[in-house]
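Here is the structure we will look at.
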Amino acid sequence: MQTKKKVVIYGGTFNPPHIGHAAAIETVTRLFSCDEIWLMPTADRRDKTVGTAGGHRLKMLEIMIDELFPTAKTFIKISRMELERPRLTTTYETKLELEAAYPSYKFYFLIGSDIVGDIEKKWVNGDELFRTARFIIMKRPLDVLPERLPPQITILDKGFKYVDISSTFIRALLAKGHSGAPYLISGVAEYIKNNGLYR
């Protein structure tokens, strides 16, 4: 029986992509055995409007990968699946679409421990997602996880330093004329400046 390809899905607005995102990618490459990592920029969701065009966010992700992971282009990929969906998007719908399109793949969804409690309570079809989806949880130092987690969930809680920085904070700095350093890599900061983003 052929072993299924293991793919980690790292979804987010990436608005803009920053050193926290890069640190999460690096952590997965070291601590979780997988064949590929797919970065999946989100479109507007039921609980969040993104605001920055998908094309800009895709380009910034490409710049970040080229600059920080130049030898991993066949390993780290960018998926347009959610950006190209012509309606509000959900993780549940993405899971179903991925499984239908790639039946020989096993998908793992990378999330932070701060949102674990939201899955069942706030996400569309969250109960089913929590029971059936393969989540990789990057645990923040002070977060407390539920005592009982489904067996298909993987917890990463050692061997990395959690970078607690948000795109919201960085956008606020950029709006005030800050360069974004040291939270943005140079290529992304230059792209933002050249395209007049977040002003």
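The values are calculated or read from the model by the stated rules, or taken from the named source; none is laboratory data. Not measured: the values here are computed from a predicted model. No Cβ is skipped: glycine too gets one built from the backbone with ideal geometry, and neighbour counts run over all protein chains shown.
Worth pointing out:
- Residue, surrounded by the fewest Cβ atoms within 10 Å (Cβ to Cβ), within region 78-90, restricted to residues that are hydroxyl-bearing (Ser, Thr, Tyr) and at pLDDT below 95: Thr90
- Considering (1) touching a Ser or Thr at 6+ places or on another chain (Cβ under 8 Å); (2) of a type outside the set (Gly, Ala, Ser); (3) modelled with pLDDT under 95, the lone condition that Ile37 does not fulfil carries the number (3).
- Considered as a group, the residues in region 20-40 that are charged (D, E, K, R) and under 14 Å from Leu156 (Cα atoms) include one that is surrounded by the fewest Cβ atoms within 10 Å (Cβ to Cβ), and that residue is Arg30.
- Qualifying residue in region 151-158 (condition: without any contact (Cβ under 8 Å) to a residue 60 or more places away in the chain and closer than 30 Å to Lys59 by Cα): no
- Lone unmet requirement of (1) touching a strand residue (DSSP E or B) at 6+ places or on another chain (Cβ under 9 Å); (2) of a type in the set (A, V, I, L, M); (3) under 22 Å from Met40 (Cβ atoms) for Leu149: (3)
- Lone unmet requirement of (1) in contact (Cβ under 8 Å) with a residue 40 or more places away in the chain; (2) of a type in the set (Gly, Ala, Ser); (3) more than 16 Å from Ser167 (Cβ to Cβ); (4) out of contact with any strand residue (DSSP E or B) (no Cβ under 9 Å at 6 or more places or on another chain) for Ala23: (3)
- Taken over region 1-19, the criterion of being surrounded by 19 or more Cβ atoms within 10 Å (Cβ to Cβ) and not aliphatic (A, V, I, L, M) is satisfied by Tyr10, Gly11, Gly12, Thr13, Phe14, Asn15, Pro16, Pro17, His18.
- The condition of being modelled with pLDDT under 95, closer than 15 Å to Ile19 by Cβ, within 18 Å of the chain's Cα centre (by Cα) and not hydroxyl-bearing (Ser, Thr, Tyr) does not hold for Val188.
- Set side by side, the residues Thr49, Thr27 differ, and just one is at negative phi and touching a Leu at 6+ places or on another chain (Cβ under 8 Å), which is Thr27.
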